[in-house]
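Working notes, structure below.
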Number of protein chains: 2
Amino acid sequence: MPRKRIAIDMDEVMAQVVPKFLRLYEDTFGVKPETSDYHGKKLYQLPGSKQLREALFHKGFFRDLPVMPDSQEVIRELMEEYDIFIVTAAMEFRNSFEDKFDWLREHFDFIPWKNIIFCGDKSIIDADYMIDDHAFNLETFKGKGLLFTATHNVDENRFERVNGWLEVRAFFEKERAEASE
Amino acid sequence: MPRKRIAIDMDEVMAQVVPKFLRLYEDTFGVKPETSDYHGKKLYQLPGSKQLREALFHKGFFRDLPVMPDSQEVIRELMEEYDIFIVTAAMEFRNSFEDKFDWLREHFDFIPWKNIIFCGDKSIIDADYMIDDHAFNLETFKGKGLLFTATHNVDENRFERVNGWLEVRAFFEKERAEASE
């Protein structure tokens with residue numbers, strides 16, 4: 001049987017973006033927002049803070065993001081059983097390409113370049129599973145979508161949710177157990 | 001009915017790569033190869049010329065490639081009837097990302113960024129048609145593959161062949177005529 005394929009998003013799934021926006025917010029407005037302030041939102045969706053989104057277009061923004069806890073270990077394990085593809089909607093951000101590629105080479109050098117995809121509309125992706133923090137990417141996906149919890153998606157309830165990589169690991173252990181029954 | 005999707009390769013389909021390698025070959029070896037010399041091959045696959053492939057890794061290589069004749073006009077027409085996705089195996093060449101993106105913005109600014117994909121292994125692509133000069137990309141494609149003629153693929157005969165963009169136009173006119181019968 002061919003190995004199943006998992007498409008994994010980068011931002012807010014493998015890479016933490018919120019800490020950087022929190023710092024930007026504080027630097028710009030002089031106050032640090034509480035988690036409850038941006039419940040169900042991205043930080044640049046708060047009133048008057050649209051300008052913060054500009055940072056995504058700057059060289060360097062994506063280069064030094066912290067790695068999501070447990071992602072390296074769990075993805076390495078999953079690669080033993082699945083074909084892993086990194087699928088990131090980089091195309092809006094021309095200046096992110098090299099940063100994202102270099103970040104992956106630094107933190108996930110065990111993922112071959114053949115399995116990395118920079119795209120725009122993820123509906124072009126053919127895989128069995130997709131792990132993503134954006135419901136709109138899972139909406140058009142034909143396989144099984146897993147919503148990776150992020151502050152902006154906490155009110156979304158149409159997809160199976162994973163709260164971090166240990167839950168991703170548990171999900172796939174369960175999938176394999178059920179498949180072999 | 002949803003619009004059908006066409007995945008289109010860049011190098012040797014939208015962008016001409018051979019003229020640059022011919023010039024490189026001549027600059028390196030002092031002789032200009034005849035077309036018959038590289039029949040069924042890439043220029044860097046000729047004996048002793050493997051080193052020429054290094055050029056693909058240099059900044060700038062993909063930025064100034066000539067546009068394939070008729071590609072702009074035909075792709076613009078196809079966009080009226082189909083969803084067009086540009087799918088290029090850029091991931092081996094980290095330094096090509098910005099060049100390829102800027103080249104597309106210069107010559108194909110009518111193609112939205114959402115419809116551009118930089119990848120490695122094209123088997124991840126879900127589309128109805130794929131136009132590519134590499135048989136190995138069509139081998140794993142689930143839709144209908146069209147082999148775009150290039151010097152290196154002239155002996156390949158497993159796929160429907162298109163000799164240039166006017167034949168691509170004719171192929172899709174025929175497809176639509178047959179579909180509406």
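Read the figures in this text as sums done on the coordinates, not as results from a lab. Quick caveat, the model's predicted, so the values are computed rather than measured. Because the Cβ atoms are built from the backbone with ideal geometry, glycine has one as well, and the counts that use them run over all protein chains shown.
Summing Lys and Arg as +1 and Asp and Glu as -1 over all other residues whose Cβ lies under 10 Å from the Cβ of A:Tyr44 gives a net charge of +3. What the phi angles of region A:84-89 give under the Karplus curve with 6.51, -1.76 and 1.60, with θ = phi - 60°, is a coupling list of 9, 10, 8, 10, 10, 7 Hz, glycine and proline written as x. In chain A, the DSSP beta bridges split such that about 5 percent are antiparallel, to the nearest 5.
Pairwise Cα distances in the protein assembly as shown exceed 30 Å for 44 percent of all pairs. Straight-line cross-link reach from A:Lys174 at under 19 Å between alpha-carbon atoms covers these lysines, not counting any fewer than eight positions away in the same chain: A:Lys4, A:Lys144. Count Lys and Arg as plus one, Asp and Glu as minus one, and take only other residues whose Cβ is under 12 Å from that of B:Lys114; the net charge is then -2.
The shape of chain A comes out prolate: with a ≥ b ≥ c from the C-alpha gyration tensor, a/c is at least 1.5 and a/b beats b/c. How big is the charge dipole of region B:18-57 about its Cα centre, in debye rounded to the nearest 20, if each Lys and Arg gets +1 on its Cβ and each Asp and Glu gets -1 on its Cβ? Computed charge dipole of region B:18-57: roughly 160 debye.
Computed about the Cα centre, the dipole magnitude for the protein assembly as shown is approximately 380 debye when only Lys and Arg (+1) and Asp and Glu (-1) carry charge, each at its Cβ. Each copy carries a label point for A:Gly164 at 7 Å from Cα toward Cβ; from one copy, the others' points are 6.2 nm away, ordered from shortest. Each of A:Thr151, B:Leu52, B:Phe159 was placed along the dipole of the protein assembly as shown (beta-carbon charges, centred on the mean Cα), and the one lying farthest toward the positive end is B:Leu52. Residue exposure proxy: A:Tyr44, A:Tyr129, ordered by other Cβ atoms within 10 angstrom of their Cβ from fewest to most, comes out as A:Tyr44, A:Tyr129. Only DSSP H runs of four or more residues enter the estimate; each adds -39500 (n - 2.57), and after division by the residues of chain A the mean residue ellipticity at 222 nm equals -8500 deg cm²/dmol. Ordered by the number of other Cβ atoms lying within 10 Å of each residue's own Cβ, fewest first, A:Leu52, A:Leu147 fall into the sequence A:Leu52, A:Leu147.
Checking every one of the GluC sites (Glu not before Pro) in region B:21-76 against DSSP loop status and a limit of 16 other Cβ atoms within 10 Å picks out B:Glu34.
Between identical copies, the spacing of A:Gly30 label points, each set 7 Å from Cα toward the C-beta atom, reads 7.3 nm from nearest to farthest. Centre-to-centre, using Cα atoms only, region A:140-168 and region A:47-66 are separated by 23 Å. Backbone phi angles across region A:110-117, fed through the Karplus curve with coefficients 6.51, -1.76 and 1.60 (θ = phi - 60°), yield HN-Hα couplings of 7, 9, x, 4, 4, 9, 10, 10 Hz in residue order; Gly and Pro are listed as x. About its Cα centre, the dipole of region B:16-84 is roughly 600 debye, where the only charges are +1 on Lys and Arg Cβ and -1 on Asp and Glu Cβ. Under 13 Å from a label point set 7 Å out along the Cα-to-Cβ vector of B:Asp109, no amide N atom of region B:10-38 is found. Given axes a ≥ b ≥ c from the Cα gyration tensor, I'd like to know whether region B:82-142 is rounded (a/c under 1.5), prolate (a/b larger than b/c) or oblate. Oblate, since a/c reaches 1.5 and b/c is not below a/b. Starting at 0 and stepping by 10 Å, how many percent of the alpha carbon pairs of region B:18-57 end up in each bin? Result returned by the calculation: 30, 65, 5.
Ordering B:Gln16, B:Gly30, B:Leu138 by Cα displacement along the dipole of chain B toward the positive end leaves B:Gly30 in first place; charges were set at the Cβ atoms of Lys, Arg (+1) and Asp, Glu (-1).
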